[in-house]
Amino acid sequence: MVVYLSDTETVDRVFAALADATRRDIVTRVLRDKASVSALAQRYAMSFAAVQKHVAVLERAGLVTKERHGREQLVRGDVDTVRAAVRLLEQYEEIWLDRIGRLEQILAEPTGGDRP
Amino acid sequence: MTVVSMTRDPDALTLTVVAELAAPPSRVWQVWADPRRLERWWGPPTWPATFVAHDLRVGGGAAYYMTGPDGEKANGWWRFVAVEEPRLIEFEDGFADDAGVPDPAMPTTWAHVELAETAGGTRMTVTSRFASTEQMEQLVAMGMEEGLRAAMAQIDGVLAEG
C-alpha cells in the first residue's frame with residue numbers, strides 16, 4: 001500500500017522536520033529500534049531538552065510516535081510517514097522522467113515536432 | 001528507457017538527469033528553442049505549459065503559465081544565463097505572480113542543459129541546482145502535488161470509463 005502525505009501543511013511539516021541533520025539521524029535510529037529520549041540524548045552533543053525538542057518536532061510531523069514504557073517514554077519511527085517522505089523525494093525525479101518521455105515522443109515524430 | 005542516470009546530491013543540492021536521445025543535437029536543441037515544441041513536453045498532460053514569451057539569448061527570458069485541471073493557472077519565468085547553440089543552455093527558473101511578475105518569495109532553481117553528440121544521437125545532461133535544502137524540499141513538495149494531481153486525473157479517467 002502506498003501512503004501519501006495528505007496535504008501541503010503535512011508536507012511542509014515533514015520536510016521542515018527532516019531539514020535538520022540531527023532529526024534525520026534520530027529518525028533513522030528509531031526506525032531500527034525504539035529508544036527513550038534520554039538514551040537518544042546520550043548520543044548527541046546537546047542537552048536533554050534540545051533532543052526532547054527535536055523529538056517533539058518529529059512527533060508533530062508524524063515521523064515518530066511516543067509510547068509510555070514504565071517511567072520512560074519510548075520513541076519509535078513511523079515507517080509509513082518516512083516511506084511517504086522518500087516517495088516525495090522521488091517525485092522530483094519522476095517529473096524529469098516524464099518530461100524526457102514526452103520529449104522523446106516529439107523527437108520520434110517524422111517532422112521532429114512540427115505541427116502539421 | 002533512455003534515461004541513463006539520475007543522480008541526487010543533497011550536499012551539492014543538485015539533481016542530474018542524463019538521457020540518451022535518438023536525434024542529433026540540432027533537433028534536440030529545437031525542443032528547447034521552439035516554444036511550441038517546448039510546451040508539449042515541459043508540463044505534465046494535466047498541467048500543460050503555455051509559453052507566452054521565449055527569447056533564447058543571454059540576458060533574454062521566457063514567460064509561461066501552466067493550466068490545471070480546474071482552469072487554475074501557475075505562472076513561471078526563465079532567465080537565460082548561457083546560450084550556445086546547439087550544445088548549452090543555462091537558465092534560472094522561478095515562479096511568478098498572477099501578473100507574471102517574478103515572485104521573490106518563491107524558490108528559484110538553476111538549470112544547466114548540455115547536449116553532446118553521440119554515435120546514436122545526443123546525450124542530454126540536465127543539472128538542476130537549488131539554492132538551499134529548504135528550497136529543494138519546497139520544490140519537491142510541489143512536484144509531489146503535481147504528480148499526485150496527474151495520478152488522480154488518471155484514476156478519474158478510469159472511473160469515467162465505467
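The residues in region B:123-147 that are within 9 Å of chain A (Cβ to nearest Cβ) and either part of a strand (DSSP E or B) or modelled with pLDDT of 75 or more (or both) can be counted, and the count is 3. Could we say that B:ASP98 is modelled with pLDDT under 80 and either part of a strand (DSSP E or B) or among the acidic types (Asp, Glu) (or both) here? Taking the combined requirement at face value, the residue satisfies it.
Listed here are the helices (runs of 4 or more DSSP H) enclosed by region A:1-93 that have at least 1 residues being more than 30 Å from B:PRO44 (Cα to Cα) and modelled with pLDDT of 90 or more: A:37-41, A:48-60. Filtering region B:105-120 to residues that are under 23 Å from B:GLY43 (Cβ atoms) and assigned to a loop (DSSP other than H, G, I, E, B) leaves B:ALA105, B:MET106, B:PRO107, B:THR108. Scan region B:19-56 for residues that are touching a residue at least 60 places away in the same chain (Cβ under 8 Å), farther than 16 Å from B:VAL83 by Cα and over 14 Å from the mean Cα position of the chain (by Cα) and the total you get is 7. Within region B:68-113, being of a type in the set (A, V, I, L, M) and under 22 Å from B:THR14 (Cα atoms) holds for B:VAL81, B:ALA82, B:VAL83, B:LEU88, B:ILE89, B:ALA105, B:MET106, B:ALA111, B:VAL113. Of the residues contained in region B:53-60, none is found to be touching a Lys or Arg at 6+ places or on another chain (Cβ under 7 Å), not in a loop (DSSP other than H, G, I, E, B) and not basic (Lys, Arg). Inside region B:61-95, residues that are exposed (fewer than 14 other Cβ atoms within 10 Å of the Cβ), out of contact with any Ser or Thr (no Cβ under 9 Å at 6 or more places or on another chain) and part of a loop (DSSP other than H, G, I, E, B) make up a count of 3.
Could we say that A:SER47 is in contact with a helix residue (DSSP H, G or I) (Cβ under 7 Å, 6 or more places away or on another chain), of a type in the set (Gly, Ala, Ser) and surrounded by fewer than 20 Cβ atoms within 10 Å (Cβ to Cβ) here? It would help to see each step written out before you state the result.
Values: in contact with a helix residue (DSSP H, G or I) (Cβ under 7 Å, 6 or more places away or on another chain): no; of a type in the set (Gly, Ala, Ser): yes; surrounded by fewer than 20 Cβ atoms within 10 Å (Cβ to Cβ): yes.
Spelling it out, it is not the case that A:SER47 is in contact with a helix residue (DSSP H, G or I) (Cβ under 7 Å, 6 or more places away or on another chain), of a type in the set (Gly, Ala, Ser) and surrounded by fewer than 20 Cβ atoms within 10 Å (Cβ to Cβ).
Only a single item in (1) within 11 Å of chain A (Cβ to nearest Cβ); (2) at pLDDT 90 or above; (3) touching a strand residue (DSSP E or B) at 6+ places or on another chain (Cβ under 9 Å) is not met by B:TRP42, and it is number (2).
The values are calculated or read from the model by the stated rules, or taken from the named source; none is laboratory data. Predicted model only: the values in this text are computed from it and were never measured. With ideal geometry, Cβ positions are generated from the backbone for all residues, glycine too; neighbour counts draw on all protein chains shown.
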